[in-house]
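A quick write-up on the structure given underneath.
The values are calculated or read from the model by the stated rules, or taken from the named source; none is laboratory data. Not measured: the values here are computed from a predicted model. No Cβ is skipped: glycine too gets one built from the backbone with ideal geometry, and neighbour counts run over all protein chains shown.
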Amino acid sequence: MTDSALIITAASKLRGKAQVVDDVNLNVAAGERVALLGHNGAGKSTLMKMVLGLTSLSGGTITIDGASPGSAAARAATAFLPEAVSFHPAITGREQLTLFARLAGEGKPDITGLLGRVGLGDALDRRIGTYSKGMRQRLGLAQVLLGNPRVALLDEPTSGLDPISRQDLYAIIDELAARGTAVLIASHALTEVEARTDRIAILRNGVKVADDTLANLSRLAGLPIRFRIIAASGQADQIAEATGGTRINGVSVELLCDPDRKMQQLRRIADMGDTVADVEMTPPRLEDLYRHYAREGRV
Amino acid sequence: MIARTFAISQIELRILRRNLWLFMATLIMVLFALALTFAGSAPTGTLGVDMLTVSVASMTTLSVYLAPLLALMMSFDAIAGEVDRGSLPLLLSYPAGRGEILFGKFLAHLAALALAMGVGFGTAGALAALSGGAGGESLLALVRLIGTSVLLGAVFVLLGYLLSALAGSPAAAAGMAAGLWLVFVVLFDLGLLGAVVMDGGGVFTQQVFPWLMVANPADAFRVWNIAASDAVAMTSGMAGAANALPGWAAPVSLLIWPLIGFALARAAFRRVEP
């Protein structure tokens with residue numbers, strides 16, 4: 001046994017002639033939170049379905065806590081939150097969760113407490129047909145918390161959630177990870193994922209193009225740091241000329257600079273004295289990194 | 001495993017109750033059974049049988065059409081609906097196997113059908129017995145009618161699952177279910193009838209026709225009910241075909257069909273990629 005709860009080795013999926021997932025390697029250790037990023041159709045959902053055993057592999061292997069995808073042991077060890085989760089509208093939240101608990105062989109879990117945790121305490125005996133999209137998403141999250149999954153697969157978990165609910169969701173994800181669950185999150189919400197995950201993997205056209213911590217990805221990409229210089233009145237053109245930046249409006253100038261030339265650039269700006277009113281510095285964000293790694297033509 | 005199957009059955013029964021299917025199916029059965037029993041009570045005197053017998057004969061004809069129809073209407077959505085709603089991937093990520101899920105749904109739908117058939121035919125039978133008399137044989141015929149109707153329903157519930165797994169959408173599944181009903185209940189018999197007329201009493205009519213007929217679960221149901229009761233056979237006028245076969249043929253056909261149906265439905269469900 002390794003300490004990786006989820007091990008994906010050279011996984012491939014062919015649909016017709018299209019290579020939907022191409023030779024992907026990805027491990028998620030117990031207690032680790034990994035974000036899986038990629039455009040629509042990059043293969044994120046397909047990869048999750050392969051882990052769940054809902055879609056067969058054309059090549060490679062996947063093990064979940066030592067078991068093969070789709071086996072009873074693997075399904076017992078996995079929790080899943082599908083994208084746009086949906087339930088039968090005629091049953092209540094409590095009934096739906098009770099069904100899942102019985103299917104998972106969980107005995108008598110604290111359904112009321114669980115639904116309270118995700119903020120559905122008032123709605124637990126209402127039919128799911130009356131729920132909003134966000135409430136259904138939370139019900140979906142509640143079933144992820146059933147039992148003690150070794151691996152949790154969350155497909156776009158924040159879609160349909162308001163900002164406060166998103167915060168709650170990530171708090172719950174942190175708690176899952178703290179309990180030793182390996183969490184894989186497919187997401188478009190880059191800014192959230194940035195702060196809330198340990199590692200980031202990026203898929204492009206079914207190929208894994210990046211898989212590292214945010215700091216390492218940033219270093220490897222060598223993306224420029226963005227300076228924004230706010231000029232004292234009427235000095236913007238002058239500053240733009242002196243620094244080689246671009247004037248973006250009447251008062252500010254934008255300037256890109258390589259990470260290793262950061263201090264040098266700062267000193268130059270400081271030397272300009274009173275013409276500079278203020279300066280802001282932005283390191284590359286995940287959005288820039290994502291754009292960099294997911295760009296066509298890069299491998 | 002049994003616990004998981006029952007968990008599915010329980011939730012499916014609850015859904016049938018909430019969307020009023022249970023109530024509507026029972027109501028339809030009661031109304032049709034009552035209407036046929038009292039509209040068809042004329043031949044009692046002529047044939048010298050009690051009214052329950054006539055009622056059972058009428059209700060047998062009714063059930064041939066209605067049991068498959070109700071069964072298909074309950075079941076066509078079972079898999080296609082879950083695919084369409086998007087609830088299937090999550091369900092399949094739990095440790096319940098596809099066979100268990102299918103069997104759980106089947107038990108719920110079967111229970112709903114059994115209730116509708118039992119209450120419908122039971123009410124009509126009781127009223128017929130009260131107003132026109134009943135005997136041991138006609139009571140047995142009524143029990144047989146209810147039991148075989150549930151069996152016939154079971155076959156079509158399972159064939160409904162098969163279509164539901166093969167169809168891409170609930171609408172397609174509904175269309176295929178209507179087609180299946182038409183073939184098994186109407187067109188098959190018309191085809192056989194045509195063949196018999198063309199054959200003109202030859203080898204086909206004597207040897208092949210009865211077996212072909214009984215291979216269809218709807219006809220096997222009819223033959224079983226008629227062959228088992230002389231009185232029912234007399235009132236329905238179908239004794240000839242029923243007597244050409246050994247007594248076990250129809251029961252065996254009707255008992256084997258659910259097994260075939262389940263095997264086919266499960267095989268089709270296994271191939272569904274949500």
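Assorted remarks:
- Criterion applied to A:256, A:286 was being touching a Ser or Thr at 6+ places or on another chain (Cβ under 8 Å) and not β-branched (Val, Ile, Thr), and the one residue passing it is A:286.
- Among the residues making up the range A:265-281, those that are surrounded by 11 or more Cβ atoms within 10 Å (Cβ to Cβ) and not aliphatic (A, V, I, L, M) are A:265, A:268, A:275, A:278, A:280.
- Residue B:210 meets each of the listed conditions (1) without any contact (Cβ under 8 Å) to a residue 60 or more places away in the chain; (2) closer than 22 Å to residue B:80 by Cα apart from (2).
- Test: residue in the range A:151-158 that is of a type outside the set (Lys, Arg), out of contact with any Lys or Arg (no Cβ under 6 Å at 6 or more places or on another chain) and farther than 23 Å from residue A:178 by Cβ: no
- Of all residues in the range A:162-193 being outside any helix (DSSP H, G or I) and at pLDDT below 90, the one that is nearest to residue A:147 (Cα to Cα): A:187
- The helices (runs of 4 or more DSSP H) found wholly in the range B:41-158 and carrying at least 2 residues that are out of contact with any Gly (no Cβ under 6 Å at 6 or more places or on another chain), within 14 Å of another protein chain (Cβ to nearest Cβ) and touching a residue at least 60 places away in the same chain (Cβ under 8 Å) occupy B:77-85, B:88-92, B:98-132.
- Subset of the range B:250-274 (residues that are over 19 Å from the mean Cα position of the chain (by Cα), more than 17 Å from residue B:103 (Cα to Cα) and in contact (Cβ under 8 Å) with a residue 24 or more places away in the chain): B:274
- Tally of residues being buried (at least 16 other Cβ atoms within 10 Å of the Cβ) and among the small types (Gly, Ala, Ser) across the range A:191-215: 3
- Residue within the range B:152-172 that is among the hydroxyl-bearing types (Ser, Thr, Tyr), within 26 Å of residue B:31 (Cα to Cα) and surrounded by fewer than 15 Cβ atoms within 10 Å (Cβ to Cβ) present: no
- Residue within the range B:88-108 that is surrounded by fewer than 22 Cβ atoms within 10 Å (Cβ to Cβ), in contact with a helix residue (DSSP H, G or I) (Cβ under 6 Å, 6 or more places away or on another chain) and farther than 30 Å from residue A:153 by Cβ present: yes
- Test result for residue A:96, polar (S, T, N, Q), under 23 Å from residue B:81 (Cβ atoms), touching a helix residue (DSSP H, G or I) at 6+ places or on another chain (Cβ under 6 Å) and at the interface with chain B (Cβ under 9 Å from one of its Cβ atoms): no
- Residue in the range A:220-250 that is surrounded by the fewest Cβ atoms within 10 Å (Cβ to Cβ), counting only those that are in contact (Cβ under 8 Å) with a residue 24 or more places away in the chain and within 30 Å of residue A:23 (Cβ to Cβ): A:222
- Qualifying residue in the range A:75-82 (condition: among the aromatic types (Phe, Trp, Tyr), at the interface with chain B (Cβ under 9 Å from one of its Cβ atoms) and touching a strand residue (DSSP E or B) at 6+ places or on another chain (Cβ under 6 Å)): yes
- Filter pass, residue A:156 being among the charged types (D, E, K, R) and touching a residue at least 60 places away in the same chain (Cβ under 8 Å): yes
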